[in-house]
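Chemist: Have a look at this one.
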Amino acid sequence: MRSDKSVFIEVIHTVSSPVTDEFDTSGGTESGQKSYVVGVPTSAMREASRTTRERIADRLRETALPAGAIANEFGVRTADALDHVEHISQSLEPTEETLLVAPPECVACGFDEFDDLVNRPARCPECKSEAVEEPAFKIE
């Protein structure tokens, strides 16, 4: 058995059902059966076989994203996106890559010395403004 999952063996699968104009019934199948050939996977199939964390890590290698944007892009809750980022950070430890975190920043006064760099605070401790940008994550 091959360990390379990106290569599929060509398979012919026949299904007993009425023939329509959309399918070619030639190729040794009995009359009235559809013939399907499955070959090398498309890029969408390869993408679907990767885990959410692998896809998030690849995206963070391309650009910095806040947790909310990760959640929207990958169809998960923001809390789950932060959990994925934490696990991605742990998986990077044996490699030369690093997860960089741009801390949250107050839009009103520019304060960026929050105690928790990962979670977005409800408001700025300096000016009490609620306009605080989320922290952004990037892999380099």
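Chemist: Show the residue pairs that are 6+ apart or on different chains and have beta-carbon atoms under 7 Å apart, the first residue being within the stretch 115-140 and closer than 17 Å to His84 by Cα, the second being among the small types (Gly, Ala, Ser).
Modeler: Close Cβ pairs (under 7 Å, with a partner that is among the small types (Gly, Ala, Ser)) amount to Glu134/Ala67; Glu134/Gly68; Pro135/Ala102; Ala136/Ala64; Ala136/Ala102; Phe137/Ala64; Lys138/Ala64; Ile139/Ala57.
Chemist: Let me ask you something else. Looking at Ser26, Ser91, Ser35, which is the one that is of a type outside the set (Phe, Trp, Tyr), modelled with pLDDT under 90 and exposed (fewer than 15 other Cβ atoms within 10 Å of the Cβ)?
Modeler: Result: Ser26 is the single residue among Ser26, Ser91, Ser35 that is of a type outside the set (Phe, Trp, Tyr), modelled with pLDDT under 90 and exposed (fewer than 15 other Cβ atoms within 10 Å of the Cβ).
Chemist: A further question follows. For the stretch 112-140, which positions are touching a Lys or Arg at 6+ places or on another chain (Cβ under 7 Å) and of a type in the set (A, V, I, L, M)?
Modeler: Once the filter is applied, which keeps residues that are touching a Lys or Arg at 6+ places or on another chain (Cβ under 7 Å) and of a type in the set (A, V, I, L, M), the stretch 112-140 yields Val132, Ile139.
Chemist: Here is a further query. Checking the condition in contact with a strand residue (DSSP E or B) (Cβ under 8 Å, 6 or more places away or on another chain) and within 30 Å of Thr51 (Cα to Cα), which residue from Glu126, Glu86, Glu93, Glu97 passes?
Modeler: Glu97
Chemist: Please work out which residue is farthest from Arg59 (Cα to Cα), limiting yourself to the stretch 85-140 and to residues that are of a type in the set (S, T, N, Q) and not in a helix (DSSP H, G or I).
Modeler: Ser129
The values are calculated or read from the model by the stated rules, or taken from the named source; none is laboratory data. All figures in this text were calculated on a predicted structure; none of them were measured in a lab. Positions of Cβ are generated from backbone atoms using ideal geometry, with glycine treated the same way; all protein chains shown enter the neighbour counts.
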